[in-house]
1. Could you check segment 260-308 and list, in sequence order, the residues that are more than 18 Å from the chain's Cα centre (by Cα), in a helix (DSSP H, G or I) and more than 13 Å from ARG341 (Cβ to Cβ)?
2. Is it the case that some residue within segment 322-335 is of a type in the set (Gly, Ala, Ser), touching a Leu at 6+ places or on another chain (Cβ under 6 Å) and more than 30 Å from MET435 (Cβ to Cβ)?
3. Please work out which one of (1) over 28 Å from the mean Cα position of the chain (by Cα); (2) surrounded by fewer than 18 Cβ atoms within 10 Å (Cβ to Cβ); (3) modelled with pLDDT of 95 or more is the condition ARG376 fails and give its number.
4. Filter segment 431-465 down to the residues that are touching a helix residue (DSSP H, G or I) at 6+ places or on another chain (Cβ under 7 Å) and farther than 22 Å from GLN408 by Cβ, then identify the one that is surrounded by the most Cβ atoms within 10 Å (Cβ to Cβ).
5. Looking at THR298, THR359, which is the one that is surrounded by 15 or more Cβ atoms within 10 Å (Cβ to Cβ) and either in contact with a helix residue (DSSP H, G or I) (Cβ under 8 Å, 6 or more places away or on another chain) or at positive phi (or both)?
6. Report whether or not ARG403 is modelled with pLDDT under 95 and either exposed (fewer than 13 other Cβ atoms within 10 Å of the Cβ) or in the same structural domain as ASP428 (by TED's automatic domain parsing) (or both).
7. Condition first: of a type in the set (Gly, Ala, Ser), in a loop (DSSP other than H, G, I, E, B) and under 22 Å from VAL109 (Cβ atoms). Now tell me which residues in segment 120-167 satisfy that.
Amino acid sequence: MKRRARVATDAAPGQEIELKLRVPPARLRALLASPLLRASVAARSVHLAATYYDTPDLTLWRQRIALRVRREGRRWVQALKGGGSVASGVHSRIEFEAVLRNAKPDISVLPRNGLTKVLRDRNVASTLVPVLSTDIKRSLRLLTPAPGVLIEVAIDRGEIRSGSRCDQVCELELELKKGPVTALFDLALQLSAVEPLELEHHSKAERGYALYDPQLSAPQKAAAVRLTRSMDTGEAFRHIAASTLSQIQGNARGVLDSDDPEYLHQMRVGLRRLRSALDLFHEPLGDALAEPGAKLRTVSDGLGPARDWDVLITETLPQMTGIPGITKLAAACAPVHQGSRREAKDTIKTNSYKAVMLTIGRWLATPQAIADAPWRVPVRQAAAQILVARHARVIKRGRQLARQSPEQLHRLRIAVKKLRYAMEFFNDLFQVKAMAVQRARLEKLQDILGCINDAVALESLFASASSNARRWPVAAADAVTRQHQQLALQQRKRLASAWRRYRAAAQPWAKSQGR
């Protein structure tokens with residue numbers, strides 16, 4: 001824990017790099033007994049009671065800034081954190097700390113820089129109010145797991161509170177004091193082999209703000225990947241993979257704790273994006289992430305049925321209120337739907353899922369991982385070659401479109417989806433308008449193919465539900481099935497036109513191949 005004197009206005013910020021891990025409370029005692037957490041110096045404990053401040057309209061939150069005053073033993077310490085990121089599970093933030101005379105925030109001790117500019121606005125500083133608090137018992141241990149490595153392990157137990165809402169805390173924070181970032185993952189993987197540990201994607205402040213205003217806690221959609229033409233392939237892959245991991249990890253807790261089906265949907269999208277990225281870069285990757293990639297597929301397959309049932313129960317059936325018996329049909333499907341949700345949660349709880357997240361994160365944090373010559377190729381050149389190959393695969397899958405079976409159309413849909421992900425990853429590297437046209441026509445094609453596939457999937461879902469139902473509403477199920485089949489036929493008639501429009505769109509990457 002940092003012990004700093006009052007900070008001058010020109011003080012340099014500290015850089016906090018840590019890995020947060022959730023621990024099942026029932027397993028904490030066994031974990032702490034592990035030799036892996038045995039320190040050469042005796043552990044010390046401290047009671048940390050903190051209050052976070054913001055304006056009533058959450059000005060600091062919107063700027064991704066956290067202002068905290070914390071009681072540490074007999075002293076008050078103010079911390080300002082911001083400019084942070086979470087990449088592959090590693091939290092990295094700029095931090096300013098100062099010892100205060102009392103529990104009241106003191107803006108005058110903050111240094112002058114871009115991060116603190118918002119707080120120097122009088123309208124902001126004068127309207128700060130408490131928005132959340134934390135009450136934590138922290139045990140600190142300094143470990144030297146390898147030569148040249150120093151990691152501070154904080155074992156935190158307590159609660160986060162905002163108003164009447166409360167969230168329990170039981171986690172390890174592994175903060176890197178000295179050595180490579182990979183050392184954090186090495187220790188985390190060793191610990192997870194002893195007891196199941198889960199990457200904690202959200203800081204205590206983020207969890208507290210979600211208590212303050214539940215609307216701030218929303219499913220995390222895919223963020224745009226910002227690549228530049230000056231990047232090499234290795235750097236671009238790291239950006240892409242980190243983006244996909246952020247989406248996966250940012251929704252995992254929501255799948256476990258929330259009934260909102262969008263968390264599961266967005267987590268599956270993140271998994272598909274990550275698997276697509278591994279596939280797109282298979283040549284420079286070789287077998288480096290083959291095993292984690294296979295496990296990702298198992299995870300994705302474990303979430304798939306729940307997503308299919310979510311769509312049926314929350315989107316499809318509610319739109320068909322005019323069909324007699326539709327309510328009974330929904331009720332007959334509900335047990336299978338609920339069972340698929342439990343299986344999805346069990347998939348995320350497995351040690352295999354938790355370990356694969358840590359394994360991929362460690363690989364991305366290893367400098368040598370992208371040191372070979374194939375990774376040094378300019379990313380625009382590599383992207384052009386990837387997009388040419390993916391486009392060719394789509395064209396191949398689309399031959400004799402009118403004669404294709406549902407299974408063949410499904411394979412075309414998958415090829416289209418992978419090309420779309422590739423285009424989203426590489427969007428900034430090519431002509432913007434041409435990429436937008438290509439992507440829009442590709443998305444239209446994907447929507448049509450998805451509708452056709454839904455009619456096939458529906459029959460499978462109903463077959464599963466009917467075999468488990470005491471009384472199956474045959475008439476209602478048949479009516480829903482017929483409507484989907486008719487819709488699929490309509491979409492097949494539109495498919496040829498959408499395919500021609502897609503084929504006619506310019507390929508902005510074609511001229512860049514080989515450059």
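The values are calculated or read from the model by the stated rules, or taken from the named source; none is laboratory data. Quick caveat: nothing in here was measured; it's all calculated off a predicted structure. When we count neighbours, we look across all protein chains shown, and the Cβ atoms used for this are built from the backbone with ideal geometry, even at glycine.
1. Filtering segment 260-308 for residues more than 18 Å from the chain's Cα centre (by Cα) gives 279-291, 294, 305-306, 308.
Going one step further and asking which of them are in a helix (DSSP H, G or I), we end up with 279-280, 282-285, 290-291, 294, 305-306, 308.
Answer for segment 260-308, where residues must be more than 18 Å from the chain's Cα centre (by Cα), in a helix (DSSP H, G or I) and more than 13 Å from ARG341 (Cβ to Cβ): ASP279, LEU280, HIS282, GLU283, PRO284, LEU285, ALA290, GLU291, ALA294.
2. yes
3. With respect to (1) over 28 Å from the mean Cα position of the chain (by Cα); (2) surrounded by fewer than 18 Cβ atoms within 10 Å (Cβ to Cβ); (3) modelled with pLDDT of 95 or more, ARG376 is out only on (1).
4. Filtering first and then ranking leaves GLN438.
5. On inspection, the qualifying residue turns out to be THR359.
6. yes
7. Scanning segment 120-167 gives a single hit, SER126.
Quick grid of which residues meet (1) in contact with an Asp or Glu (Cβ under 9 Å, 6 or more places away or on another chain); (2) of a type outside the set (A, V, I, L, M); (3) in contact (Cβ under 8 Å) with a residue 12 or more places away in the chain:
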| site | (1), (2), (3) |
| --- | --- |
| ASP213 | no, yes, yes |
| ALA224 | yes, no, yes |
| ARG229 | yes, yes, yes |
| SER246 | no, yes, yes |
| ALA306 | yes, no, yes |
